[in-house]
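*Asks:* I'd like to ask some things about the structure below.
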Amino acid sequence: MKNISNKRILVTGGAGFLGSHLCESLLNEGHEVICVDNFYTGRRTNIAHLFKISLFEVLRHDITFPLYVEADEIYNLACPASPVHYQFDPVQTTKTSVHGSINMLGLAKRLRIKILQASTSEVYGDPAVNPQPETYWGNVNPIGYRSCYDEGKRCAETLFFDYHRQHKLKIKVARIFNTYGPRMHPNDGRVVSNFIMQALKGEDITVFGDGKQTRSFCYVDDMISGLIKLMNSADDFTGPVNLGNPVEITIIKLAEKIIKLTGSKSKIVFEPLPFDDPMQRKPDIKLAKEVLEWKPSVPFEEGLKNTIKYFKDLTKN
Ligand code: NAD
Ligand code: UDP
């Protein structure tokens with residue numbers, strides 16, 4: 001029997017980096033959590049510490065296929081997020097965003113429940129305006145290597161808003177900007193995990209292009225609190241809303257910072273910039289501040305130190 005004051009919450013992609021932190025936070029709030037994951041990039045070790053909690057349940061399932069369960073809310077996070085992983089099987093990436101969203105929206109429609117979509121700053125493509133407000137429609141290549149992810153996520157946003165307008169579904173759309181922290185996959189190719197692993201192993205730090213491209217990095221704890229605030233916001237607030245840390249840094253500066261914080265002897269080397277790599281990215285978070293009363297609070301160095309510690313422990317085991 002379910003405690004009626006608490007909810008049963010479905011988290012797709014729950015064994016991934018963000019999903020595992022979200023499952024943990026929701027369990028800490030006393031909710032039941034059903035973690036749905038096909039373990040494409042997610043790992044059992046991310047959620048192993050939750051197995052002993054009786055309110056936690058795991059389903060190995062690919063959301064491109066229909067799912068019939070009972071729940072009170074859905075957080076739809078399933079989708080590989082690292083360029084290396086989402087470009088490995090691009091057709092499956094698009095299917096996960098499009099077919100996966102249709103299946104999860106169908107489930108939400110049958111149950112008449114609220115559903116949150118983990119969208120991305122990639123919907124802005126290589127943005128011509130900086131910082132990016134939610135009103136900016138983006139500058140996206142529809143046929144490039146990143147398109148399976150960018151256009152998949154854009155189509156998912158379209159589906160969410162059409163289900164909202166056509167079926168009166170309660171939706172929430174978060175545009176997540178680069179997020180980092182413990183439980184990132186050590187080999188997933190994303191810049192923070194790559195640079196830390198390279199620095200810890202004393203390998204060359206691979207900066208792509210001239211390193212002058214920028215990103216804005218948000219610590220995972222801040223991101224999870226933003227996602228939960230968004231889910232619990234007033235029913236008439238759908239988003240899309242940017243969630244991210246507006247402190248912008250060049251990739252070369254990031255490499256130098258990680259070398260300093262790890263005390264590594266690694267050297268920086270330059271490699272070709274991947275095709276369609278966005279030159280700048282910085283969220284305008286005015287809307288999140290106003291409506292959700294949310295802003296990131298973890299300083300970059302503190303977040304990086306926690307993340308370095310996580311990868312150090314990982315390499316010891
Ligand atoms: P991740 O790769 O660590 O997690 C994604 C999870 O989804 C994994 O556990 C994976 O196995 C699972 N998954 C993938 N395809 C699936 C499918 N078809 N069915 C079921 N499970 C599937 O990535 P993350 O960083 O935790 O990202 C989570 C979500 O947040 C993604 O939707 C991503 O697009 C979005 N996002 C993340 C960032 C970031 O910087 N971390 C930025 C923008 C958006
Ligand atoms: N990058 C890099 N070296 C690496 C990995 C990534 O210079 O080893 C760069 C990448 O080209 C991009 C930025 O770091 O400009 C962020 O890359 P990531 O894959 O983390 O995410 P993106 O924001 O591009 O989706």
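*Asks:* For the chain, what is the calculated [θ] at 222 nm in deg cm²/dmol (nearest 500), taking -39500 (n - 2.57) for each run of four or more DSSP H residues and dividing by its residue count? Each step should come with its number before you reach the end.
*Replies:* Working: 9 runs with 115 residues, N = 317.
Per the formula, -11500 deg cm²/dmol.
*Asks:* If you don't mind, there's one more thing I want to ask. How about region 275-317: which GluC sites (Glu not before Pro) there are in a DSSP loop, with at most 14 other Cβ atoms within 10 Å of their Cβ? Before the final figure, lay out each step's value.
*Replies:* Working: sites: E290, E293, E301, E302; in loops: E293.
Qualifying residues, ordered by number: E293.
*Asks:* Could you give me the ³J(HN,Hα) list for region 261-270, computed from phi with Karplus coefficients 6.51, -1.76, 1.60 and θ = phi - 60°, whole Hz, x at Gly and Pro?
*Replies:* 5, 8, x, 7, 9, 4, 9, 8, 10, 9
*Asks:* May I ask which of K172/K257; K95/K316; K212/K260; K168/K229; K170/K286 have a Cα-Cα span longer than 28 Å here?
*Replies:* Details: K172/K257 35 Å; K95/K316 37 Å; K212/K260 19 Å; K168/K229 21 Å; K170/K286 23 Å.
Pairs exceeding the cut-off: K172/K257; K95/K316.
*Asks:* Another one. Run the reach check for K267 against aspartates and glutamates, Cα to Cα strictly under 20 Å, same-chain hits fewer than 8 apart removed. What comes back?
*Replies:* Partners found: E203, D204, D210, E256.
*Asks:* Per residue, how much accessible surface does region 141-249 expose to a 1.4 Å probe? Answer in Å², no decimals. Provide the component values of the computation, followed by the final result.
*Replies:* Numbers: 3970 Å² over 109 residues.
I get 36 Å² per residue for region 141-249.
*Asks:* Before anything else, pin down the relative contact order of the chain: Cα pairs under 8 Å, at least 6 apart, normalised by residue count, whole percent.
*Replies:* Worked out over the chain, it gives 17 percent.
*Asks:* Suppose R0 equals 41 Å; then what is the FRET efficiency for V269 and E290 from their Cβ-Cβ distance, rounded to the nearest 0.05? Provide the component values of the computation, followed by the final result.
*Replies:* Working: r = 43 Å, r/R0 = 1.06.
Working from the Cβ atoms, E equals 0.40.
*Asks:* Give, rounded to the nearest 20 debye, the magnitude of the charge dipole that region 162-208 has about its Cα centre when Lys and Arg contribute +1 at Cβ and Asp and Glu contribute -1 at Cβ. Write down the numbers at each step before the final one.
*Replies:* Numbers: 8 positive and 4 negative charges, 116 e Å.
With only Lys, Arg, Asp and Glu charged at Cβ, the dipole is about 560 debye.
*Asks:* With springs connecting C-alpha atoms under 10 Å apart, model the chain as a Gaussian network and identify which of P83, P133, P274 has the largest mean-square fluctuation.
*Replies:* P274
*Asks:* Continuing with the same structure: Ignoring ligands, DNA and RNA, what percent of the 1.4 Å accessible area of the chain is carbon and sulfur?
*Replies:* 54 percent
*Asks:* A further question follows. So what is the relative contact order for region 172-283, in percent, with contacts set as C-alpha pairs under 8 Å and at least six apart? Don't jump to the answer; show the numbers that get you there.
*Replies:* Numbers: 179 pairs, mean separation 48.3, N = 112.
It rounds to 43 percent for region 172-283.
*Asks:* Magnitude of the Cβ-charge dipole of the chain, K/R +1 and D/E -1, about the Cα centre, nearest 20 debye?
*Replies:* Numbers: 40 positive and 36 negative charges, 98 e Å.
Magnitude of the dipole: close to 480 debye.
*Asks:* Sticking with this structure for a sec: Would you work out which of P246, S266, S233 lies farthest towards the positive end of the dipole of region 166-317? Charges go on Cβ: Lys and Arg +1, Asp and Glu -1.
*Replies:* Projecting each Cα onto the dipole axis, the largest value belongs to S266.
*Asks:* Restricting to DSSP loop positions (anything but H, G, I, E, B) with no more than 16 other Cβ atoms inside 10 Å of their own Cβ, which trypsin sites (Lys or Arg not before Pro) remain in region 234-317? Write out the running numbers ahead of the final one.
*Replies:* Values: sites: K253, K257, K260, K265, K267, R281, K286, K289, K305, K309, K312, K316; in loops: K265, K267, R281.
Hits after loop and neighbour filter: K265, K267.
*Asks:* Then there's this: Counting Lys and Arg as +1 and Asp and Glu as -1, each charge on the Cβ, what is the dipole of region 198-317 about the Cα centre in debye, to the nearest 20? Could the numbers behind the result be given before it?
*Replies:* Values: 18 positive and 18 negative charges, 122 e Å.
Around 580 debye, computed over region 198-317.
*Asks:* Top mean-square fluctuation among M279, M223, M104, Gaussian network model of the chain, C-alpha springs under 10 Å?
*Replies:* Of the options given, M279 has the highest mean-square fluctuation.
*Asks:* I need the calculated FRET efficiency for the pair S54 and K168, taking r as the beta carbon distance and R₀ as 35 Å, to the nearest 0.05.
*Replies:* Details: r = 35 Å, r/R0 = 1.00.
It comes out at approximately 0.50.
*Asks:* When the chain is treated as a GNM, springs tying every alpha-carbon pair under 10 Å, which of G138, G263, G106 comes out with the largest mean-square fluctuation?
*Replies:* Largest GNM mean-square fluctuation: G263.
*Asks:* Could you give the angle, 0 to 90 degrees to the nearest 10, between helix 147-167's Cα long axis and the longest principal axis of the Cα atoms of the chain?
*Replies:* 20 degrees
*Asks:* Hey, what did region 37-161 get for relative contact order, percent, Cα under 8 Å, at least 6 apart?
*Replies:* 27 percent
*Asks:* Further, regarding this structure: With θ set to phi - 60°, apply the Karplus curve 6.51 cos²θ - 1.76 cosθ + 1.60 along region 34-39 and write out the HN-Hα couplings as whole Hz, x wherever there is a Gly or Pro.
*Replies:* Along region 34-39, the couplings run 9, 9, 10, 7, 9, 6 Hz.
The values are calculated or read from the model by the stated rules, or taken from the named source; none is laboratory data. These numbers were taken from a predicted model, which means no experiment stands behind them. All Cβ positions, glycine included, derive from the backbone under ideal geometry; neighbour counts span all protein chains shown. Side chains included, ligands, DNA and RNA excluded: accessible areas come from the protein's heavy atoms. Shrake-Rupley method; radii C 1.70, N 1.55, O 1.52, S 1.80 Å.
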